[in-house]
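Please read the structure below before turning to the comments.
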Amino acid sequence: MKHYMITFWTFIFAFISCSANGTEQTTLPENDDVVVDDGNSLLWRIEGEGITTSYMYGTMHMIEAEYYHFTDKMTKEIESSDAIIMEVGGMPNPLETLELMKLDSGDIRSVFTDEQMRIIVEFFDKELGTDPDAFFKTYGEMKPFFILQGITQHYFEGETESYDLDIMSIAGQKEIPLIGLETLDEQLGFFDIIPQEAMANMIVESIENYKKEKKSTAKMMKAYSEQKVDKLIPIMKKQSPEFMEFSDIFLYNRNKAWVPKVMKEMADKKCFIAVGAAHLFGEGGLIDLLRKEGLTITPVSTDA
């Protein structure tokens with residue numbers, strides 16, 4: 001497994017992948033793209049007046065290796081870009097990240113009721129193999145969403161891959177500028193907006209639904225690998241309604257803030273935009289918002 005800091009979107013926004021199986025396609029000779037007529041693609045071409053033609057891809061931040069497909073077409077479009085735009089511009093400093101994740105109070109017990117704490121510690125001990133001493137050494141001074149990460153990491157089995165890390169790697173190798181839409185500080189700050197009681201309840205609900213959510217994650221990875229994008233958001237809503245209660249915080253408000261930044265960068269350079277796939281689709285998604293800016297957004301095959 002690749003070891004790296006797993007943020008919230010590694011779990012909740014890990015949704016849409018890269019192979020256009022079973023879709024009708026039409027070749028566009030002017031740029032050799034292949035249009036996916038039913039819209040089931042993770043790769044979208046962006047065109048319009050006042051911008052340089054660019055591409056946008058919905059990543060899955062963490063995915064089991066058997067579902068991972070990084071294609072030559074994706075590599076080609078990344079390497080030919082003038083800039084790569086991602087949620088955060090590069091890997092954060094681990095020590096700085098650790099400090100941002102710490103509680104002001106310094107004691108995780110202050111966040112939960114005694115009964116909630118008992119449920120959490122018992123779950124980590126019996127289900128995840130982390131005994132109480134190890135649990136408090138790891139999580140005792142951390143913000144509660146760090147516990148949530150500890151749970152969701154176990155939704156994945158065996159070897160895992162990351163589209164984000166591999167895109168960052170290409171950027172580094174080819175010396176392509178990497179532009180972040182947010183800072184890590186901003187990302188982690190979204191969790192502070194959620195009321196403490198709601199976050200505590202969310203974690204307990206994740207424990208109570210652990211086996212169901214683990215199975216749902218497997219379904220999402222399969223749908224992602226087959227690029228059945230029309231099924232992904234419904235799966236997410238069914239799996240994690242407690243998270244969708246805060247979708248404005250984690251999805252739609254962020255999308256609105258990103259659009260002017262993306263438009264500015266595309267004004268004078270070809271960009272490859274790679275963000276969590278849940279940010280792309282539906283009303284209030286980036287595809288919808290960019291179309292409202294007058295741009296033409298076209299789904300294209302990742303295999304062409």
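The values are calculated or read from the model by the stated rules, or taken from the named source; none is laboratory data. Just so it is clear, the model here is predicted, and its values are computed rather than measured. In this analysis, Cβ positions are derived from the backbone assuming ideal geometry, glycine residues included, and neighbour counts consider all displayed protein chains.
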Margin query: Looking at the stretch 29-66 only, could you name the residues that are β-branched (Val, Ile, Thr) and over 30 Å from GLY150 (Cα atoms)?
Written below: VAL34, VAL35, VAL36, ILE46, ILE51, THR52, THR53
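Quick one: which residue in GLY48, GLY90 is touching a strand residue (DSSP E or B) at 6+ places or on another chain (Cβ under 7 Å) and at pLDDT below 95?
Working: GLY48 fails: at pLDDT below 95.
Exactly one of GLY48, GLY90 is touching a strand residue (DSSP E or B) at 6+ places or on another chain (Cβ under 7 Å) and at pLDDT below 95, namely GLY90.
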Next item on the list: Can you tell me which residue within the stretch 151-182, out of those that are hydroxyl-bearing (Ser, Thr, Tyr) and surrounded by 14 or more Cβ atoms within 10 Å (Cβ to Cβ), is farthest from ARG109 (Cα to Cα)?
Entry: TYR163
Item checked: Qualifying residue in the stretch 257-278 (condition: touching a Phe, Trp or Tyr at 6+ places or on another chain (Cβ under 7 Å) and surrounded by fewer than 20 Cβ atoms within 10 Å (Cβ to Cβ)) -> no
Next item on the list: Give the number of residues within the stretch 128-147 that are out of contact with any helix residue (DSSP H, G or I) (no Cβ under 7 Å at 6 or more places or on another chain), exposed (fewer than 14 other Cβ atoms within 10 Å of the Cβ) and either among the polar types (S, T, N, Q) or more than 17 Å from SER105 (Cα to Cα) (or both).
Entry: 3
Check: Which fully enclosed helices (runs of 4 or more DSSP H) of the stretch 210-304 have 3 or more residues being of a type in the set (Gly, Ala, Ser)?
Finding: 210-225
Checklist line | Breaking point among (1) outside any helix (DSSP H, G or I); (2) free of Cβ contacts under 8 Å to residues at least 60 places away in the same chain, for GLY158 | finding: (2)
